[in-house]
Amino acid sequence: METFFKRAGGPPPTVNYEADHVACAGFDLRGVVSTERIERLVKLIRQLVQPRQGHTPRLLDIGCGTGRFAIPLACSLEEFSVTGADASEKMLEQARQKPQAARVNWSLQNVCSQNFESGSFDVVFLSDLLHHIDDPVAALRECFRVLRPGGWLISKYGAMENIAHDPEHRFFPGTIEVDAARTPTEPMMAHWLEQAGFNRIASQTQEERTRITAECRLAAAQAKSISVLHLISREQFQQGLRDLSQFINSHPDDPWLLVDPTTWTWGQRPA
């Protein structure tokens, strides 16, 4: 297997999610959160969390962005109280304007220094978050703290060994180098959870439909909805757009353009 992970030498490249062109322009184009994807996640949550009489289970979506997962989770998990938290007020402003946003409790929070009480949540959900964090294990330890004993953390992400051959990495020069410096492999994510104190760690990876059409993928790239596209040069970005557009024109029905390999890793705070 190829070795992609090279994070040991310092903090990862970062994207400013308070910038208007990031928070407003492209974030919601990063992939369709379909009913199928939500149903799969809801099924996993209900398998992990055992109901307790007289207790309303609480779910925290930390790093929720514009509520892409928090809102449909709140609509589907009607027995749960759902909190969506993010360090970007601009992202939360976008989230609060969406239909059904009132189902979610919104909170301005930094994943590494949350002001929630210890043991507050039954589930902590992270979506494509840890590659933005200087110290991911410290972030996971803080998530461990706010979970009740027996609670679960679920991390959704693109493991580097799986995403290295996706369209953005194939067509945009420089993206592999940037993401190899910040993005974990599946074994690394499991190791981070273990270091943070979690046990019963498991993972699964599957192809998920994230685009309706190939043109949607191109529009997402043009809007830099994938954070790595903010971290390459203008020349590399323009070259990538040309190459991706040419490929789409030649292969408009290629299913590779419509799916992404998604990895889910979860672990439990010991009871």
- Task: Consider Glu194 carefully, then state whether it is free of Cβ contacts under 8 Å to residues at least 60 places away in the same chain and either surrounded by fewer than 18 Cβ atoms within 10 Å (Cβ to Cβ) or in a loop (DSSP other than H, G, I, E, B) (or both).
- Result: no
- Query: Can you name the residue in region 188-212 that is modelled with pLDDT under 95 and β-branched (Val, Ile, Thr) and, of all such residues, is nearest to the chain's Cα centre (by Cα)?
  - Reply: Thr210
- Query: Of the numbered conditions (1) of a type in the set (S, T, N, Q); (2) surrounded by fewer than 15 Cβ atoms within 10 Å (Cβ to Cβ); (3) more than 24 Å from Gly150 (Cα to Cα), Gln94 satisfies every one except a single condition; which is it?
  - Reply: (2)
- Taking region 201-234 as the region of interest, how many residues are surrounded by 19 or more Cβ atoms within 10 Å (Cβ to Cβ), touching a Leu at 6+ places or on another chain (Cβ under 9 Å) and part of a helix (DSSP H, G or I)? 5
- Residues in region 235-271 that are among the hydrophobic types (A, V, I, L, M, F, W, C) and within 30 Å of Gln50 (Cβ to Cβ) total 3
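Can you tell me which residues in region 48-99 are of a type in the set (S, T, N, Q), in contact with a Leu (Cβ under 9 Å, 6 or more places away or on another chain) and under 18 Å from Asp122 (Cβ atoms)?
If the condition is that a residue be of a type in the set (S, T, N, Q), in contact with a Leu (Cβ under 9 Å, 6 or more places away or on another chain) and under 18 Å from Asp122 (Cβ atoms), then Ser76, Ser81, Thr83 are the ones that fit.
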- Tell me, which helices (runs of 4 or more DSSP H) lie completely within region 1-80 with 1 or more residues that are at pLDDT 95 or above and farther than 14 Å from Val104 by Cβ? 35-48
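Being closer than 14 Å to Ala70 by Cα, out of contact with any Asp or Glu (no Cβ under 9 Å at 6 or more places or on another chain) and among the charged types (D, E, K, R) is the requirement here; does Asp122 meet it? Reasoning before the result, please.
Working: closer than 14 Å to Ala70 by Cα: no; out of contact with any Asp or Glu (no Cβ under 9 Å at 6 or more places or on another chain): yes; among the charged types (D, E, K, R): yes.
Answer is no for this residue.
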- Could you give me the residue pairs with C-beta distances under 6 Å whose first residue belongs to region 94-117 and is in contact (Cβ under 8 Å) with a residue 60 or more places away in the chain, whose second residue is surrounded by 18 or more Cβ atoms within 10 Å (Cβ to Cβ) wherever it lies, and which are 6+ apart or on separate chains? Gln94/Thr66
- Considering each of Leu140, Leu147, Leu108 in turn, give the residue that is surrounded by fewer than 18 Cβ atoms within 10 Å (Cβ to Cβ), within 27 Å of Thr183 (Cα to Cα), of a type outside the set (Phe, Trp, Tyr) and in contact with a Leu (Cβ under 7 Å, 6 or more places away or on another chain). Leu108
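The values are calculated or read from the model by the stated rules, or taken from the named source; none is laboratory data. A quick note: this is a predicted structure, and the numbers were derived from the prediction, not measured. Don't worry about glycine lacking a Cβ; one is built from the backbone with ideal geometry, like all the others, and counts go over all protein chains shown.
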